[in-house]
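Asker: Here it is: the structure, laid out below.
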């Protein structure tokens, strides 16, 4: 294992302190970070040369420049959602062995962003990330539909009807959609039997963030092995724990990101 680069850690500590406390002099920074003044000066000079720190000679204060924003702007919602979902998904896999997928609505269907299929002993697929599932026929999509506000649901269905030819008839069928939503709300989870693939069933839960819908999490199993009702009896509690973990991690990741200047 390679040795840690202490200078990098110290430089990041200074950036973090300036981000938290605002413009500060060397004495203040040394005290707050536990670094000696000589080390602070050297690191701050380096950060100035690289454009991350500015120095006000009148007040002898160091501060951050807008360039620091570039350190976080590359972190997309996709990165954060994956970071939030994966630990919970692997924890779920340890408990139930069946694979799961994390999906988000995109362009009329559900895009799978993360999956534990490659690691499940019960999976017949080894590559699921990047695949799409139906908004109206899959458990992933139905979980998102049922948990969305009516206005957002209408917009998603209109997009599906215009962009996904094979799903257009069902997306336009108001009675079908109402029955899916009511059934999902009554059961407390979404389900599908042979909806995306023959011989494959799934149950799913929405992942909500207090704002826009983040996505949904499913559990995949063979149709011949059990019904969605039996799967829910066995695994729904574990799935709910996983969803709460994703929501918690998502909230923490966004709070951390928002504190970066």
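Asker: Note the full-extension length gain between residue 56 and residue 41 as 0.36 nm times their separation in residues minus their Cα-Cα distance, in nm to one decimal. Can you show the working numbers first?
Answerer: On the way: separation 15, 0.36 × 15 = 5.40 nm, distance 1.39 nm.
Full extension from residue 56 to residue 41 adds 4.0 nm.
Asker: Continuing with this model, one more query. Quick one: length gained pulling residue 8 to residue 83 fully straight, 0.36 nm per residue minus the C-alpha distance?
Answerer: Values: separation 75, 0.36 × 75 = 27.00 nm, distance 2.34 nm.
24.7 nm is the gain from fully extending residue 8 to residue 83.
Asker: In addition: Using a 7 Å offset from the Cα along the Cα-to-Cβ direction at both residue 95 and residue 21, what is the distance between the two label points in nm, to one decimal?
Answerer: 4.3
Asker: Also: Shape call for the stretch 6-71 from the C-alpha gyration tensor, a ≥ b ≥ c root eigenvalues: rounded (a/c under 1.5), prolate (a/b greater than b/c) or oblate?
Answerer: rounded
Asker: What fraction, in whole percent, of alpha-carbon pairs in the chain exceed 27 Å separation? Before the final figure, lay out the partial values.
Answerer: Working: 16860 of 33930 pairs.
Beyond 27 Å sits 50 percent of the P(r) for the chain.
Asker: Next question, about the same structure. Stretched out fully, how many nm does the piece from residue 234 to residue 119 gain, at 0.36 nm a residue minus the Cα gap? Provide the component values of the computation, followed by the final result.
Answerer: Details: separation 115, 0.36 × 115 = 41.40 nm, distance 2.04 nm.
Contour length minus Cα-Cα distance gives 39.4 nm.
Asker: Using 1/(1 + (r/R0)^6) with R0 = 35 angstrom and r between the beta carbons of residue 225 and residue 251, what's the FRET efficiency to the nearest 0.05? If you can, show how the numbers build up before the last one.
Answerer: Values: r = 35 Å, r/R0 = 0.99.
Given R0 = 35 Å and the Cβ-Cβ separation, E is 0.50.
Asker: Additional query: Once both labels are modelled 7 Å past Cα along the beta-carbon direction, what's the residue 49-residue 168 spacing in nm?
Answerer: Simple spin-label model gives 6.2 nm for this pair.
Asker: Output the peptides 107-114, 126-133, 238-245, 147-154 sorted from most to least packed, where packing is the average of other Cβ atoms within 10 Å over each peptide's residues. Walk me through the numbers on the way to the answer.
Answerer: Values: 107-114: 21.2, 126-133: 15.2, 238-245: 18.1, 147-154: 13.8.
Listed from highest to lowest mean packing, they are 107-114, 238-245, 126-133, 147-154.
Asker: Per DSSP H run of at least 4 residues, take -39500 (n - 2.57); add these up for the chain, divide by its residues and hand me the 222 nm value, nearest 500 deg cm²/dmol. Walk me through the numbers on the way to the answer.
Answerer: Details: 10 runs with 134 residues, N = 261.
-16500 deg cm²/dmol, from helical runs alone.
Asker: Angle, helix 174-187 long axis vs. longest principal axis of the chain, Cα atoms, 0 to 90°, nearest 10?
Answerer: The angle comes out near 70 degrees.
Each value in this text was obtained by applying a stated rule to the coordinates, not by laboratory testing. From a predicted model like this one, the values you see are computed outputs, not experimental measurements. Neighbour counts are summed over all protein chains in view; Cβ atoms, including those assigned to glycine, are modelled from backbone coordinates with ideal geometry.
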